[in-house]
Amino acid sequence: MISVIIERHIADDFASYYENVCQEILSFATDEDGFISGESLHNAYDDNHRVVIAQYRSIQDWQIWYSSEQRHQIMAKLSPMLQSDEKITILEHKTNSS
């Protein structure tokens, strides 16, 4: 399992529209093979700083969703309200090799 952290900084006055588009993204993502769970959070001290944390079965499953036409179409709606490009971090459990 991997965790994907997506950080976004939205422009002022776009909070409600952002939330609607995020729900659309999440509804499509949940139908994708390999999606386990996800949540959308906001910074307690900066309402324009948003974080999505999603769990996927594998990096390959994430990459399929990331490259999908559905995600590209939704991101076309979301990108204009972002102050900067989203930052994506992929985390996985480190395995000990003997």
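Here, each number is a calculation from the coordinates, and none is a lab measurement. If you're wondering where the values come from, they're calculated on a predicted model, not measured in any experiment. Glycine gets a Cβ as well: all are built from the backbone with ideal geometry, and neighbour counts include every protein chain shown.
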Problem set entry | Taking the C-alpha atoms of segment 1-41, convex hull volume expressed per residue in Å³ | 67
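Can you tell me how much longer the chain between ILE36 and GLN70 gets when fully stretched, taken as 0.36 nm per residue apart minus their C-alpha distance, in nm with one decimal?
Working: separation 34, 0.36 × 34 = 12.24 nm, distance 1.81 nm.
The ILE36-GLN70 span can extend by a further 10.4 nm.
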Exercise. How high is the FRET efficiency from SER84 to MET1, r the C-beta distance, R0 25 Å, rounded to 0.05?
Worked result: 0.30
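Using the Kirkwood radius built from alpha carbon pairs, what does the Stokes-Einstein equation give as D for segment 2-91 at 10 °C and 1.306 mPa s, in µm² per second? Provide the component values of the computation, followed by the final result.
Numbers: Rh = 13.3 Å.
Answer, rounded: 120 µm²/s.
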Seminar exercise, completed: In the neighbourhood of LEU82 defined by beta carbon distances under 15 Å, the net charge of the other residues (Lys, Arg +1; Asp, Glu -1) is -3
Problem set entry | Calculated from backbone phi, Karplus (6.51, -1.76, 1.60) coupling profile of segment 63-76 in Hz, x at Gly/Pro | 5, 5, 5, 4, 8, 5, 5, 4, 5, 4, 5, 5, 5, 5
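Just rank ILE10, ILE53, fewest to most, by other beta-carbon atoms within 10 angstrom.
Numbers: ILE10 21, ILE53 15.
By the 10 Å Cβ count, ascending: ILE53, ILE10.
Based on DSSP H runs of at least 4 residues, each adding -39500 (n - 2.57), what is the mean residue ellipticity at 222 nm of the chain after dividing by all its residues, to the nearest 500 deg cm²/dmol? The partial results should precede the final answer.
Values: 3 runs with 33 residues, N = 98.
Calculated mean residue ellipticity at 222 nm is -10000 deg cm²/dmol.
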For this session: Sum up the charges of everything whose Cβ sits under 13 Å from the Cβ of SER16, counting Lys and Arg as +1 and Asp and Glu as -1, but leave SER16 out.
Result: -3
Exercise. Applying the Karplus parametrisation 6.51 cos²θ - 1.76 cosθ + 1.60 with θ = phi - 60° to the phi angles of segment 14-20, what ³J(HN,Hα) value in whole Hz is obtained for each residue in order, glycine and proline being reported as x?
Worked result: 10, 4, 5, 5, 4, 4, 4
Seminar exercise, completed: Per the charge dipole of the chain (beta-carbon charges, Lys/Arg positive, Asp/Glu negative, Cα centre), the residue among ILE88, CYS22, ILE59 reaching farthest to the positive end is ILE59
